[in-house]
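Student: Have a look at the structure that comes next, please.
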Amino acid sequence: MKKYLIFILSIVVALLTWIPNTRLFLTDSSIGTILILVLSIFVCVFSVIYNKHSRSLWYIFSFILGLSPILFLIFVGIFLALGMPFAP
């Protein structure tokens, strides 16, 4: 049950980071960015903790999806460094 809950929370983090209609990360929302960062840290920490107890691909995928805000910042930085037009 834990692995499914962590995986669902990681999907929520990814959706709230990447999908334009639902994105709260790096918008002018007062609590959106903080909420996504806290949820992302929660998912990553618990994915690592639970993966140590029972090895499962669910936790690895949850960890990768939990890193969505960091991956988003990396992609934005790459696009801006290359001079490509990017509108978050």
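The values are calculated or read from the model by the stated rules, or taken from the named source; none is laboratory data. Quick caveat, the model's predicted, so the values are computed rather than measured. In this analysis, Cβ positions are derived from the backbone assuming ideal geometry, glycine residues included, and neighbour counts consider all displayed protein chains. Just the protein is used for accessible areas: all its heavy atoms, side chains included, with ligands, DNA and RNA removed. Shrake-Rupley method; radii C 1.70, N 1.55, O 1.52, S 1.80 Å.
Student: Hydropathy first: keep DSSP H helices in the chain averaging at least -1.0 on Kyte-Doolittle, then drop any whose Cα extent along the axis falls short of 18 Å, and list what survives. All intermediate terms of the calculation are to be shown ahead of the outcome.
Tutor: Working: long enough: 2-18 (24 Å, 1.78); 32-53 (32 Å, 1.80); 68-81 (19 Å, 2.61).
Span-like helices here: 2-18, 32-53, 68-81.
Student: Also: Based on the alpha carbons, how large is the Rg to Rh ratio for segment 1-87 when Rh follows Kirkwood?
Tutor: Numbers: Rg = 14.1 Å, Rh = 13.5 Å.
Dividing the radius of gyration by the Kirkwood radius yields 1.04.
Student: Output the relative contact order of segment 30-76, whole-number percent, from Cα pairs under 8 angstrom with separation of 6+ residues.
Tutor: 42
Student: Restricting to Cα pairs below 8 Å that are 6+ residues apart, what does the relative contact order work out to for the chain? Please round to a whole percent. Intermediate values should be presented prior to the final figure.
Tutor: Numbers: 87 pairs, mean separation 29.7, N = 88.
Relative contact order of the chain: 34 percent.
Student: Hey, rough spin-label estimate for I31 and L5, points 7 angstrom out along Cα→Cβ, what's it come to in nanometres?
Tutor: Each label point is offset 7 Å from its Cα along the Cβ direction, giving 2.1 nm.
Student: Hey, what number do you get for the chain at 222 nm if only DSSP H runs of n ≥ 4 count, each worth -39500 (n - 2.57), divided across all residues, to the nearest 500?
Tutor: Working: 4 runs with 63 residues, N = 88.
Roughly -23500 deg cm²/dmol at 222 nm, from the helical runs in the chain.
Student: Whole number in Å², please: accessible area per residue of segment 1-72, 1.4 Å probe, ligands, DNA and RNA not counted. Could you put the intermediate results ahead of the total?
Tutor: Values: 4600 Å² over 72 residues.
In whole numbers, segment 1-72 has 64 Å² accessible per residue.
Student: Are there trypsin sites (Lys or Arg not before Pro) in segment 1-78 that DSSP puts in a loop and that have at most 13 other Cβ atoms within 10 Å, and which ones? Walk me through the intermediate numbers first.
Tutor: Values: sites: K2, K3, R23, K52, R55; in loops: R23, R55.
Qualifying residues, ordered by number: R55.
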